[in-house]
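Visitor: Okay, handing you the structure first.
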Amino acid sequence: CNVISGNSGSGIYISGAGADRNAIEGNFVGVTPSGTAALGNAYHGVEINGGARENKVGGARAQAGFTCNGLCNVISGHGQVGVLVAESGSDQNKIQGNFIGVTSNGTAALPNGLYGVAVIAGYGDGPAQLAGQLGPANAIQRPSAPGSRALPGSGVVQPLGILTAGAAGAGAPDRTPR
């Protein structure tokens, strides 16, 4: 397992047309090697944008039960978003079987600063899209801030820390390249 934590930007950054079909599997992103304490990246755990397509974050866990193993990623404790998919053309990316905002054994919250998962459009250039729905078996803890946050007038936050939104605006996750 790779530990990708404590960076001044995003932990994993996939960006641009042609940055396609990457697999992010079996990592501890934003946590200590034990998976039980936060050591978050300053911005996002995983950031996919700029037209990157068909990337996979996670997959089926190796065994049943509430433990992150196999292809599962622990993506917790970041300053902004656990997994951000943004901008037009960033389509058909899959987020499946991850522990987002919780410890590697799922027994405690290690929330991300804004959202567990955010899928937002670019600046007037159309929506980013996931491959179907958010994949099965993701354990997503809601953000630590009280209540839900949404982009003013353009987004809906689901109870489990998931943001889907139109054009980015005030309050949007920081999308400055790292």
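Visitor: List the pairs whose first member sits in segment 70-82 and is modelled with pLDDT under 95, whose second member is assigned to a strand (DSSP E or B) and among the acidic types (Asp, Glu), and whose Cβ atoms are under 8 Å apart, counting only residues at least 6 apart or on separate chains?
Guide: Taking only residues 6 or more apart or on different chains, the pairs are Val81/Glu47.
Visitor: Filter segment 24-49 down to the residues that are without any contact (Cβ under 8 Å) to a residue 40 or more places away in the chain and open to solvent by 20 Å² or more (accessible area, probe 1.4 Å) and list them by number.
Guide: Within segment 24-49, Thr32, Pro33, Leu39, Ala42 qualify.
Visitor: Can you tell me which residue in segment 85-115 is nearest to Ser5 (Cα to Cα), limited to those that are in a strand (DSSP E or B) and either open to solvent by 10 Å² or more (accessible area, probe 1.4 Å) or at pLDDT 90 or above (or both)?
Guide: So, considering only residues that are in a strand (DSSP E or B) and either open to solvent by 10 Å² or more (accessible area, probe 1.4 Å) or at pLDDT 90 or above (or both), the one nearest to Ser5 (Cα to Cα) is Val102.
Visitor: Residues being modelled with pLDDT under 95 and touching an Asp or Glu at 6+ places or on another chain (Cβ under 6 Å): count how many of those fall in segment 3-42.
Guide: Total meeting the criteria: 0.
Visitor: Which one of Gly122, Gly132 is at pLDDT below 80 and at positive phi?
Guide: Only one candidate passes the filter, namely Gly132.
The values are calculated or read from the model by the stated rules, or taken from the named source; none is laboratory data. Everything quoted here is computed from the prediction, not taken from an experiment. FYI the Cβ positions are ideal-geometry reconstructions off the backbone, even for glycines, and counts take in every protein chain you see. Remember, those area values only see protein heavy atoms, side chains included, never the ligands or the DNA or RNA. Shrake-Rupley method; radii C 1.70, N 1.55, O 1.52, S 1.80 Å.
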